[in-house]
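Structure first, then comments.
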Amino acid sequence: MPCASRRSLLAALLLAGAGPALAAPPKGAGGAAPSAAVANAWWRHVQFLADDSLQGRDTGSEGYAKAAAYVVEQLKAAGVRPGAGGDSYLQPVALQSRRLDESRSRLALVRDGQEHPVTLGKEAVLTSRTGEPGKVEAPLVFVGYGLTIPEAGYDDLKGVDLKGKVAVLLYGGPGTVSGPLRAHHASSSERYNALKAAGAVGVLMLQNPKQMEVPWSRVAGARKMPAMMFEDAALNDPSLQLGGAFDPAAAELLFEGSGHSFQEVLALADADKPLPHFPLPTRVRAELAFDTAPVQAHNVVGVLPGSDPALAQEYVVLSAHLDHVGVGEPVKGDRIYNGAMDNASGVAAVLEVARALHAQGTAPKRSVLFLLVTGEEKGLMGSKFFAAHPTVPKGALVADLNLDMFLPLFPLTHLTAYGADESTLAEPLKRIAEARGVKLTPDPEPNRMAFVRSDQYSFIRAGIPALAFKFGFEKGSAQERLQKRWYRERYHGPADDLSQPVSKEGAAKFVGLLAELTRAVADAPERPQWNAQSFFARFAQAPAGSSSGAAAPAAH
């Protein structure tokens with residue numbers, strides 16, 4: 001549908017109302033004990049947002065517009081005011097969709113003068129998020145994890161000749177580097193900047209089969225879904241001429257004749273031993289073509305004004321992404337990727353926290369900004385845009401609490417909070433979790449790079465302390481097996497739908513915890529601070545009321 005039609009649809013939905021207004025807030029919504037009323041209200045939101053009629057809420061789609069209209073309706077009913085400027089809850093985000101045209105694209109390996117075609121969607125995929133239209137041919141070099149981490153004295157690219165070459169790397173990082181720092185340097189902006197500085201023209205990613213979240217078939221199927229770029233090119237991440245990934249089962253094709261094997265690399269990685277770096281006696285030959293189209297999307301922004309005359313000028317952000325991936329390759333005949341846990345669950349929790357805070361009668365001292373962003377699945381697009389163009393002064397944003405598929409698959413007894421070791425936000429979180437009988441657990445799989453894979457990272461890059469949450473577990477427990485099975489069977493697939501079993505009581509308990517944490521941060525005399533030893537303290541921005549309000553310069 002043309003963009004103008006989408007805007008008209010969204011306006012019509014907002015005028016008509018996307019769903020019934022909320023009833024009176026359920027009693028006990030912010031209390032310590034989980035409430036059946038909160039559990040049922042949370043699930044009703046999930047049911048609406050993950051219904052087949054919304055077609056997976058793809059960025060810029062009619063289904064996303066319906067979801068945004070529903071969220072606006074619920075925020076209004078919870079006493080949350082427009083936060084996007086004037087009387088609007090909608091912040092426009094101008095994007096451009098970008099899809100690899102496989103009929104006009106190709107990939108091959110050249111060894112000893114012989115070209116070996118690579119079947120796209122089978123042995124490998126080429127990403128639409130990076131790459132330049134046209135032809136590229138270049139030698140291959142294996143560069144370990146492909147990370148440059150000067151703060152830890154670690155550099156996979158040092159002494160490696162990458163000029164005019166394509167880097168082949170294993171996704172992950174050394175256990176000697178902290179998970180958040182490892183993840184930061186593995187983010188696309190940091191990694192691509194380092195590769196470009198070293199002269200690389202492309203990158204081919206390999207995954208350790210033991211750490212893959214989803215089967216390769218689902219990775220390959222996702223290649224047909226469009227990527228997104230900002231219309232404002234200054235906001236886009238750096239790009240290389242070629243970006244792609246190989247099926248681990250086909251990865252040995254890259255290592256033939258090198259004197260090394262992919263299995264050797266995996267064994268070293270599994271033992272957390274240093275990975276070798278070596279040229280591969282193979283060249284990559286590729287041709288890329290893309291189809292592009294403009295997309296108009298929206299963040300939803302609402303504000304619950306603070307009650308303290310001074311502190312109300314500062315904002316605690318509660319964020320979640322409203323989009324999912326839309327309609328894709330069929331799995332067992334189902335093409336709708338409903339995104340019930342990813343991330344209707346998080347949006348529903350934000351709405352219930354809004355209702356809980358409103359039900360308390362007296363607003364928190366600081367204002368609470370409710371931010372439901374677009375385009376997270378396309379590369380954190382909505383949150384990047386908001387961080388660059390916030391609807392309140394940049395320096396007034398004091399913290400972000402982000403929800404992205406917090407996975408209430410079982411009762412809430414353990415909770416992982418990404419970023420807890422980086423700022424003073426850990427202090428109220430620990431106190432509130434312990435009072436509710438919830439044990440805080442560290443990131444069980446740092447090589448998943450979860451710290452940078454959702455919208456909290458956009459705030460962290462802007463210097464704002466942030467946390468993101470997921471139900472935790474003890475190592476070797478049934479809960480760990482259940483969560484890993486969820487990733488394997490449902491993550492970014494049609495099976496993440498309303499038929500899956502979830503713990504509504506666990507979700508309600510989490511809503512209560514999050515409401516109390518939000519209030520504690522908003523009511524605290526001092527704004528949250530980065531810990532002195534945190535790497536991310538370098539991004540800290542000037543306080544509210546400063547002359548610039550901009551993020552301090554950082555070494556990228």
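Every number here is computed from the coordinates shown, using simple stated rules; none is lab data. Predicted model, so just to flag it, every value in this text is computed and none were measured. With ideal geometry, Cβ positions are generated from the backbone for all residues, glycine too; neighbour counts draw on all protein chains shown.
For the pair Asn531 and Ser307, label points projected 7 Å from Cα toward Cβ lie 3.3 nm apart. Note that region 69-74 has calculated 3J(HN,Hα) couplings of 5, 4, 4, 4, 4, 5 Hz, one per residue in order, obtained from phi through the Karplus relation 6.51 cos²θ - 1.76 cosθ + 1.60 (θ = phi - 60°); glycine and proline are x.
Database remark: amide H of Arg81 closer than 5 angstrom to the amide H of Val303, Leu304 (H placed geometrically; neighbours at sequence offset of 5 or more, or on other chains; Pro and chain starts carry no H).
Taking 18 Å as the straight-line reach from the Cα of Lys384, the lysines in range (excluding those fewer than 8 positions away in the same chain) are Lys394. Taken one residue at a time, the phi angles of region 374-381 give Karplus couplings (6.51, -1.76, 1.60, θ = phi - 60°) of 9, x, 4, 5, 9, x, 6, 5 Hz. Gly and Pro are set to x. Within the chain, DSSP assigns beta bridges of which about 60% are antiparallel (rounded to the nearest 5).
Among residues other than Gly121 whose Cβ falls under 14 Å from its Cβ, what is the net charge (Lys/Arg +1, Asp/Glu -1)? Don't skip to the answer; put the middle values down first.
Details: positive: Arg99, Arg106, Lys122, Arg218, Arg223, Lys224; negative: Asp101, Glu102, Glu123, Asp247, Glu329.
That sum, taken over residues with Cβ under 14 Å, equals +1.
Split the chain at each of the trypsin sites (Lys or Arg not before Pro) in a DSSP loop with at most 12 other beta carbon atoms within 10 Å, and the longest piece is 164-331. Near Asp497, the amide H atoms lying under 5 Å from its own belong to Ala340; only residues 5 or more places off or on other chains count, and H is placed 1.01 Å from N.
Calculated from the structure at hand, percent of Cα pairs over 34 Å apart is found among [x] 58; [y] 50; [z] 37 as [z]. Available extension along the chain between Gln114 and Gln500 is 134.0 nm, counting 0.36 nm per residue and deducting the alpha carbon span. How far is the Cα center of region 210-261 from the Cα center of region 322-384, in Å? Each part's Cα centre sits 26 Å from the other's.
Under the definition of Cα pairs under 8 Å and six or more residues apart, what whole-number percent is the relative contact order of the chain?
21
For the pair region 150-208 / region 60-125, the C-alpha centres are spaced 25 Å from each other.
Which cross-chain or sequence-distant (5 or more) residues have an amide H under 5 Å from the amide H of Val93, H modelled 1.01 Å from N in plane? Here Ala297, His298, Asn299 satisfy the definition. Sequentially through region 150-159, phi angles give Karplus couplings (6.51, -1.76, 1.60; θ = phi - 60°) of x, 5, 10, x, 10, 8, 6, 9, 5, x Hz, Gly and Pro residues having no value and appearing as x.
Between their Cα atoms, which of Lys196/Lys378; Lys224/Lys332; Lys378/Lys475; Lys122/Lys475 are more than 29 Å away from each other?
Working: Lys196/Lys378 22 Å; Lys224/Lys332 18 Å; Lys378/Lys475 32 Å; Lys122/Lys475 34 Å.
Check vs 29 Å cut-off fails for Lys378/Lys475; Lys122/Lys475.
Per-residue ellipticity at 222 nm from helix content only, as computed over the chain with -39500 (n - 2.57) for each DSSP H run of at least four residues, stands at -8500 deg cm²/dmol.
For region 252-378, the share of DSSP beta bridges that are antiparallel, to the nearest 5, is 55%. The slack between Val331 and Asp155, meaning 0.36 nm per residue of separation minus the straight C-alpha distance, is 59.3 nm.
Want the number for Leu268 to Lys135: 0.36 nm per residue separation, take away the alpha-carbon distance, what's left?
Details: separation 133, 0.36 × 133 = 47.88 nm, distance 3.45 nm.
Length gained between Leu268 and Lys135: 44.4 nm.
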